[in-house]
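**Q** Below: one structure in structure tokens.
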Amino acid sequence: MDSPMCLVKNADGELCVEPEAIDYLMGLKQKVVVVSVVGLYRTGKSYLMNKLAQKRSGFALGATIQSKTKGIWMWCVPHPEKTDHTLVLLDTEGLGDVEKGDSKNDAWIFSLAILLSSTLVYNSRGTIDNDAVEKLQYVNELTEMIKVKSSTDNEEEGEGTQFMQFFPNFVWTVRDFTLKLEMDSREITPDEYLENSLKLKTGTSKKINDYNFPRECIRNFFPSRKCFVFPSPTTPDNMQRLDSMDEAELSELFREVADTFCRFIFQESRMKTVIGGHTLTGEMLGHLVNTYVETIAKGNVPCLENAVLAMAKIENQAAVDEGLVVYQKGMEDVKALFPVDINQLSENHLRSETQATKAFMKRSFKDKDGEFLQALAEDISKHYGDLSKQNKDASEKKCKDLLEKLSAQMDQGMKEGTYATPGGYELYCNHHDNIVAQYRAEPNKGVRAEEILEQFLKDKSAESNSILQADKQLTENEKEIQAEKKKTAELEQEKAAFREQQAEMERTIENNRISQEKYLKEMKEKMEEERKQQQQEFNRTLERRMQEQKDLLEKGHKEKAELMRQEILEIKKRDELERETNTQNQKVLMELFNRQAVGQKEQMEMLMRELNNRSQTPVQVVERLVPQPSCIVM
């Protein structure tokens with residue numbers, strides 16, 4: 001992307017997505033790291049984003065009091081340090097713009113930045129004093145603007161535990177900072193400066209509660225916090241031409257802090273993830289943007305769980321489609337060779353099916369009931385069925401064309417009366433046996449070779465019998481013996497056709513067994529992968545909460561520390577319950593797949609029994625007959 005484009009337009013207080021930007025995201029298949037910058041208007045947010053894009057210009061800069069950025073603008077650039085990743089920079093409309101006069105609109109912009117980001121940069125000027133903290137008022141309203149789960153009690157969400165699992169890392173950048181970083185005559189770091197500014201006061205008065213509330217919100221919602229303090233980049237007189245100044249003209253200390261800030265963002269900002277720890281591509285981010293903005297436009301509160309489920313449904317269907325395409329491409333080579341034998345077709349089928357399943361598993365997530373994996377299996381089965389039919393049709397055509405070519409001379413002889421003479425039956429049998437021998441010598445006839453030959457012999461049966469009965473050289477007893485020989489040959493061929501069908505059925509049963517085992521294995525591995533991601537997510541949350549409790553104890557907030565301890569116990573209990581539920585759901589799903597596998601196996605075995613029962617009668621007849629050398633198919 002050469003320059004930024006508007007992602008979310010703010011027109012007269014109404015938010016809507018820009019289709020061109022969404023289309024760009026939909027075409028972005030790489031994993032994304034999303035960095036948003038928010039803050040009061042005219043505080044230099046756009047400069048930071050241009051710096052992260054490693055460009056001198058891009059996001060609009062300005063020296064007037066009028067806000068330059070409206071809505072949310074996006075710039076997608078290759079990540080400087082993560083190969084095959086895209087850095088998505090989101091520059092948001094300045095908060096507190098007097099021209100808007102609608103704080104609700106600011107709150108939605110702020111909420112969207114949080115929902116879409118893996119790192120949130122809050123940009124302010126001057127110092128982090130009480131006024132600066134209170135200007136971050138939108139944090140106090142987050143529980144009203146965002147829901148984590150569709151059916152969760154508000155009080156539980158208000159604790160911030162669930163929010164902190166899914167909220168971005170928080171970076172506070174303080175611009176035009178002029179104070180000395182000292183506390184109690186000791187030099188402190190910018191991070192210590194931030195933490196000191198967020199320190200809670202002891203007491204329960206309304207004034208103290210009002211003071212503590214925004215700080216508690218920031219601490220609860222953003223346990224991962226970082227701070228950078230920037231001196232003024234140049235003299236006040238030069239600020240008006242900041243966007244046209246050369247980098248070397250800026251303050252050296254300012255440039256050092258800016259470089260440190262960029263290194264931190266590049267190295268520490270994680271990939272964008274959603275509930276369950278699944279990492280997002282640009283395409284998936286596009287789905288999220290659509291869902292959140294549509295929800296806000298309808299006057300509803302965005303819900304992380306619902307948005308992720310909606311996105312998962314779209315992505316999983318796309319994973320099914322992608323898997324089917326992989327399978328179809330994998331079968332193109334063998335399709336070009338039709339007709340082929342059942343083993344060659346099956347081997348290509350199993351190999352392509354494995355590739356398709358891997359492609360599906362790589363893209364899919366939260367397919368908890370196996371609905372989409374099952375859909376892929378059904379689509380592959382249907383396509384394999386179509387290919388099997390095409391292969392049979394190709395085999396039938398080749399075999400019939402071959403027999404037509406081989407029997408052309410004999411058919412001509414029938415028309416000319418060649419066999420309507422004494423001894424004609426023997427001549428007919430010689431020609432007949434020669435046709436069968438040449439047919440059998442022809443390679444690569446496919447899966448219907450014996451069946452088509454069986455049909456050919458049956459079609460010639462009446463013709464052969466009329467020649468036999470008309471041959472005056474044979475006695476009635478000899479005619480009876482020859483008729484028995486012909487019947488034996490036909491039954492032997494029928495037996496060969498049944499063996500051909502039986503081999504195909506056995507290979508189909510084996511294919512189904514291999515496929516079912518593979519699907520179960522892939523499903524287990526996928527569930528285990530998602531379980532590990534959830535556990536890592538939980539461990540991060542627990543670790544941060546325990547650190548927060550430790551900090552509260554060290555600072556003498558015993559009552560709040562006790563509440564935090566109880567909350568930690570509740571987190572552990574909820575996690576244990578969720579793990580038990582997931583384990584039970586996985587068990588049910590595996591049992592369902594096993595039952596389906598057993599059902600398919602029983603169905604195929606029933607078909608096999610029917611086939612065997614059909615084949616027993618002619619086989620027994622054949623065994624009672626004594627084969628003779630004339631007109632016998634071998």
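**Q** Once Rh for the stretch 353-451 is found with the Kirkwood sum over Cα pairs, what is the Stokes-Einstein diffusion coefficient at 10 °C and 1.306 mPa s, in µm²/s? Walk me through the numbers on the way to the answer.
**A** Values: Rh = 17.6 Å.
Estimated via Stokes-Einstein, D reaches 90 µm²/s.
**Q** Mind sorting out which of (i) 38.3, 131; (ii) 28.3, 91; (iii) 26.6, 110 is the real Rg and Dmax of the Cα atoms in Å computed from the coordinates?
**A** The listed entry that was calculated here is (i).
**Q** Now a separate question. Assuming R0 = 41 Å, can you tell me the calculated FRET efficiency for the pair residue 135 and residue 314, based on Cβ-Cβ distance, to the nearest 0.05? Numbers along the way, then the final one.
**A** Details: r = 38 Å, r/R0 = 0.92.
The value I calculate is 0.60.
**Q** Need the list of lysines near residue 445 for cross-linking: C-alpha distance under 22 angstrom, and skip anything on the same chain fewer than eight residues off.
**A** Partners found: 335, 389, 392, 397, 398, 400, 405, 458, 460, 495.
**Q** Stretched out fully, how many nm does the piece from residue 458 to residue 328 gain, at 0.36 nm a residue minus the Cα gap? Display every interim value, and only then the final one.
**A** Details: separation 130, 0.36 × 130 = 46.80 nm, distance 3.79 nm.
Net length gain for the segment: 43.0 nm.
**Q** Collect residues whose amide H, placed 1.01 Å from N in the peptide plane, falls under 5 Å from the amide H of residue 172; neighbours closer than 5 in sequence don't count.
**A** Answer set, sorted by chain and number: 122, 226, 227, 228.
**Q** Out of all Cα-Cα pairs in the stretch 429-513, roughly what percent, to the nearest whole number, are more than 22 Å apart?
**A** Working: 1373 of 3570 pairs.
In whole percent, the share of Cα-Cα pairs in the stretch 429-513 beyond 22 Å is 38.
**Q** Might you tell me the accessible area per residue for the chain, computed with a 1.4 Å probe and given in Å²?
**A** Details: 31570 Å² over 634 residues.
Result: 50 Å² per residue.
**Q** On a straight-distance basis, which aspartates and glutamates could pair with residue 207 in a cross-link, Cα separation under 20 angstrom, same-chain partners fewer than 8 positions away excluded?
**A** Counting by Cα, and skipping residues close in sequence, residue 207 has these aspartates and glutamates nearby: 129, 131, 134, 141, 216, 559.
**Q** Let me ask you something else. Keeping the other protein chains in place, figure out the carbon and sulfur percent of the accessible area of the chain, with a 1.4 Å probe. The partial results should precede the final answer.
**A** Working: 15340 of 31570 Å².
Carbon-and-sulfur percentage of accessible area, whole number: 49.
**Q** Here's a follow-up. Cα-based Rg (one decimal) and Dmax (whole number) for the stretch 515-580, in Å?
**A** Both quantities, over Cα of the stretch 515-580: 17.6, 61 Å.
**Q** Given only helices, namely DSSP H runs of n ≥ 4 each adding -39500 (n - 2.57), what is the per-residue ellipticity at 222 nm of the chain, to the nearest 500 deg cm²/dmol? Can you show the working numbers first?
**A** Values: 20 runs with 392 residues, N = 634.
Rounded to the nearest 500, it is -21000 deg cm²/dmol.
**Q** A follow-up question, please. Measure out, as a whole number of angstrom, how far apart the alpha-carbon centroids of the stretch 398-427 and the stretch 181-240 sit.
**A** Each part's Cα centre sits 102 Å from the other's.
**Q** Over every pair of different alpha-carbon atoms in the stretch 384-438, take the mean of 1/r and invert it; report that Kirkwood radius in Å.
**A** Numbers: mean 1/r = 0.0772 Å⁻¹.
The answer is 13.0 Å.
**Q** Could I ask something else about it? Could you tell me what a quarter of the Cα convex hull surface of the stretch 295-337 works out to, in nm² with one decimal place?
**A** Mean projected area of the Cα convex hull: 3.8 nm².
**Q** What per residue convex hull volume, in Å³, do the alpha-carbon atoms of the stretch 200-239 yield? Could the numbers behind the result be given before it?
**A** Working: hull volume 5.1 nm³, N = 40.
Taking the convex hull of the Cα positions in the stretch 200-239, it is 126 Å³ per residue.
**Q** Taking the chain as the reference, fit the longest principal axis to its C-alpha atoms, fit the long axis of helix 304-330 to the helix C-alpha atoms, and give the angle between the two in degrees, 0 to 90, nearest 10.
**A** 30
**Q** Could you work out how much longer the chain between residue 437 and residue 550 gets when fully extended? Use 0.36 nm per residue separation minus the Cα distance between them, nm to one decimal.
**A** On the way: separation 113, 0.36 × 113 = 40.68 nm, distance 8.97 nm.
Contour length minus Cα-Cα distance gives 31.7 nm.
**Q** Between the stretch 333-369 and the stretch 434-464, what is the C-alpha centre distance in whole Å?
**A** 33
The values are calculated or read from the model by the stated rules, or taken from the named source; none is laboratory data. Owing to the predicted nature of the structure, the values given are computational and were not obtained by experimental measurement. Cβ sites come from the backbone with ideal geometry, for glycine too, and all protein chains shown count toward neighbours. What goes into the accessible areas is simple: the full protein's heavy atoms, side chains included, and nothing from ligands, DNA or RNA. Shrake-Rupley method; radii C 1.70, N 1.55, O 1.52, S 1.80 Å.
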